[in-house]
Amino acid sequence: MNLLSGIHHKVKLAFLFLGIVLTMLGSSLWETRQLHDMNTAVASLYQDRLQPTAGLFALNDHMYAKRQLLESYLAAPTQTHFHNTQVQLVAQNKAIDSLLKSYQATYMVAEENKVFQSVMAHLTRYNYLEAELLYVGAPTSGASAQELARQFDRIHADVSRLTQIQLQVGQQLSRGSEVADGHATLLSQVKIALLVVLTVAILQALVVDKHPLLPKNLKNFRLN
């Protein structure tokens with residue numbers, strides 16, 4: 001019986017220590033996952049939302065610059081003016097292409113991708129009409145100029161819609177980060193509570209039996 005009693009105490013304390021180890025291990029893994037989710041949300045908020053939104057504002061600026069350049073040339077279509085306008089339009093188109101490629105490399109939700117494809121289609125049509133007006137020198141009251149204005153308005157509307165989508169998805173990512181932070185905080189509190197309970201259980205076992213790891217026939221043995 002003494003041997004069985006000693007084994008019982010050893011097993012009891014072993015399970016308590018095992019509970020502490022498993023609690024620490026499990027909570028650490030869960031905290032690591034929560035931190036990873038928060039870091040992913042924050043990185044996506046910056047790389048896929050904040051930066052592209054700034055690029056959309058820049059895209060609008062370049063489109064207005066292109067429009068002003070063409071209107072200025074059509075008002076006074078000289079050879080020198082043609083060359084300068086052509087060079088500046090090429091620079092604007094390169095800047096727009098760079099912005100669109102950067103935007104395309106980011107993560108896009110389904111609606112966002114649909115609107116982005118619409119921007120690309122309207123921009124292709126706009127550039128074709130722009131080149132036509134530039135080289136032919138048609139008056140601004142012509143059909144091509146009117147179609148150009150419609151394409152410009154559609155591009156502007158699509159870019160505005162992309163900005164709205166960016167804001168909506170960014171808010172969702174922000175809420176997701178807050179939820180992950182709340183989970184991590186709750187986990188820390190639960191972990192502390194479990195550790196306190198397990199520690200109290202171990203102390204209680206030690207107080208009830210001063211030598212829980214020794215058989216009873218050796219507890220009164222005094223070492224010299």
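I need every pair where a residue in the stretch 161-177 that is within 15 Å of MET108 (Cα to Cα) and polar (S, T, N, Q) has its Cβ under 6 Å from the Cβ of a residue that is at pLDDT 85 or above and in a helix (DSSP H, G or I), sequence separation at least 6 or different chains.
Cβ pairs passing all conditions: THR163/LEU56.
Going residue by residue through the stretch 123-141, is there one that turns out to be exposed (fewer than 14 other Cβ atoms within 10 Å of the Cβ), modelled with pLDDT under 90, in a helix (DSSP H, G or I) and not small (Gly, Ala, Ser)?
yes
Restricting attention to the stretch 109-129, which residues are touching a residue at least 12 places away in the same chain (Cβ under 8 Å) and not acidic (Asp, Glu)?
VAL109, VAL115, PHE116, SER118, VAL119, MET120, HIS122, LEU123, ARG125, TYR126, ASN127, LEU129
For the stretch 64-108, what are the residues that are surrounded by 13 or more Cβ atoms within 10 Å (Cβ to Cβ) and not in a helix (DSSP H, G or I)?
Selection gives PRO77, THR106, MET108.
Please enumerate the residues belonging to the stretch 109-122 that are in a helix (DSSP H, G or I) and open to solvent by less than 50 Å² (accessible area, probe 1.4 Å).
Listed by number, the residues that qualify are GLU112, VAL115, PHE116, SER118, VAL119, HIS122.
Please go through the stretch 76-101 and give me each residue that is of a type in the set (A, V, I, L, M, F, W, C) and touching a residue at least 24 places away in the same chain (Cβ under 8 Å), ordered by number.
PHE82, LEU89, ALA95, ILE96, LEU99, LEU100 - these are the residues of the stretch 76-101 that are of a type in the set (A, V, I, L, M, F, W, C) and touching a residue at least 24 places away in the same chain (Cβ under 8 Å).
Taking the residues in the stretch 60-106 that are of a type in the set (Asp, Glu) and within 35 Å of the chain's Cα centre (by Cα) as candidates, determine which candidate is farthest from ALA121 (Cα to Cα).
ASP61
The values are calculated or read from the model by the stated rules, or taken from the named source; none is laboratory data. Since the model is a prediction, treat every value here as computed from it, not as a measurement. Every residue, glycine as well, gets a Cβ built from its backbone with ideal geometry; the counts of neighbours run over all protein chains shown. All accessible areas refer to the heavy atoms of the entire protein, side chains included, with ligands and DNA or RNA removed. Shrake-Rupley method; radii C 1.70, N 1.55, O 1.52, S 1.80 Å.
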